[in-house]
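Peer 1: Before I ask anything, let me first share the structure, which is written out below as structure tokens.
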Ligand SMILES: [Zn+2]
């Protein structure tokens, strides 16, 4: 594409491209409603481009006290920005053309007044509960891509994470206002807007993470799942999983472990960082050494056959599945009900969790003042827009099919002259279903907010 004028013209690092994107496509009004839990400019145009965005309603603290941060084209990072309304944000974005902007907490004063306030006076008060899952944390497992790359195949790890975390946040914690957003490259964010989530203190957020964090330990730690208490070896026998993890394990083993880990990624195919890790995770010397001899002998035969024909190729397929079967057979040979058998069964369950349970960047979730990239920003590397993702269809999501800024501006250019005048620009592009997904989410946020208001007014009536 180098040398092609169109490609250069549509480079997401070009300020002209980003200015057009912010001017014509970024859904400021929709994002305003999502963050402020209120509707902007009810009587005027509904794209947040004209009027004060808040006519007749006065300022909304959930918006005016909300921190934004801009990353400019020269990588300068501006924190503690805040805006009176959606229009003011839009004007600043078009003026400074950040490569992206982030959303932080709602504070007890306007963040932009920070310098004039006494030190320590500006404190975060409310904030969505957020989660960040990045493919980097799967680099030791995934076989198809590395570094910044992601494909439909390794997206399976993200799909597993979303499926389990979404269920847990709804079932175990009772949240319902969840928005999942593709990060534009190789990860996903979740924003929980329930009032009970908005009000969580940092301590409470840490407690939630303590509950949700199952995969721990750096590269040097082979076993990354330690959630049972008990000794976990054949001497004492391990304790069962907590009930919530039991359910997650059920989903992960039936929907993800076999098709993703054993079949598609074939994680235990190679010895180094493959089946040698699997062996390290087996807490039974006897079983481990039998499997090791068997697999090492197989590997040698395969080496000899290496120059042979396609038959060897087909033998290559699904090596991991066979190894998993070998392990299962070994376990079946150990008498039921014995601590040894329990330890091996627990180890198998822990292996499923280690390879498929969500790997959450815990620090992002623990602090209210942590900033996270706003939905619908453009990733400067890929040019792709950070679009909402339907958690029920996360398996079908293909990062390669997410519209890029170049594609969207091209769609608008192709429409020039024939566009419907009463439609907004984003409505005429591939952005439409994604913005509509957030608007649907906003309707649920507004409904919950109305219900809360009615409840509190009802309570006041009762006390009277
Ligand atoms: Zn991949």
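Peer 1: Within segment 215-230, is there a residue that is modelled with pLDDT of 95 or more, in contact with a strand residue (DSSP E or B) (Cβ under 7 Å, 6 or more places away or on another chain) and under 20 Å from residue 348 (Cα atoms)?
Peer 2: At the first step, the residues of segment 215-230 found to be modelled with pLDDT of 95 or more are none.
For segment 215-230, residues modelled with pLDDT of 95 or more, in contact with a strand residue (DSSP E or B) (Cβ under 7 Å, 6 or more places away or on another chain) and under 20 Å from residue 348 (Cα atoms): absent.
Peer 1: Let me ask something else about it. Considering each of 268, 257 in turn, give the residue that is part of a helix (DSSP H, G or I) and in contact (Cβ under 8 Å) with a residue 24 or more places away in the chain.
Peer 2: Working: 268 fails: part of a helix (DSSP H, G or I).
Criteria check complete, one pass: 257.
Peer 1: I've got another one for you. State which residue is modelled with the lowest pLDDT when the search covers only segment 1-38 and only residues that are assigned to a loop (DSSP other than H, G, I, E, B) and under 13 Å from residue 404 (Cα atoms). Working first, answer last.
Peer 2: Restricting attention to segment 1-38, the residues satisfying the condition of being assigned to a loop (DSSP other than H, G, I, E, B) are 1-4, 10-14, 26-27, 37-38.
If we keep only those that are under 13 Å from residue 404 (Cα atoms) too, we end up with 10-13, 26.
Details: 10: 77, 11: 86, 12: 86, 13: 85, 26: 97.
Per the criteria, the residue is 10.
Peer 1: Can you work out which of the residues in segment 54-75 that are within 17 Å of residue 108 (Cα to Cα) and outside any loop (DSSP other than H, G, I, E, B) is modelled with the lowest pLDDT?
Peer 2: Among them, the one singled out is 61.
Peer 1: Would you tally the residues in segment 335-360 being over 18 Å from residue 278 (Cα atoms) and surrounded by fewer than 18 Cβ atoms within 10 Å (Cβ to Cβ)?
Peer 2: First pass over segment 335-360, keeping only residues over 18 Å from residue 278 (Cα atoms): 335-339, 358-360.
Checking which are surrounded by fewer than 18 Cβ atoms within 10 Å (Cβ to Cβ) leaves us with 335-339.
Adding up the residues that qualify gives 5.
Peer 1: Looking only at residues that are within 16 Å of the ligand (Cβ to nearest atom) and in a strand (DSSP E or B) in segment 117-174, which one is farthest from residue 212 (Cα to Cα)?
Peer 2: Ranking the candidates gives 134 first.
The values are calculated or read from the model by the stated rules, or taken from the named source; none is laboratory data. As the structure is a prediction and not an experimental result, all values here were calculated from the model. Because the Cβ atoms are built from the backbone with ideal geometry, glycine has one as well, and the counts that use them run over all protein chains shown.
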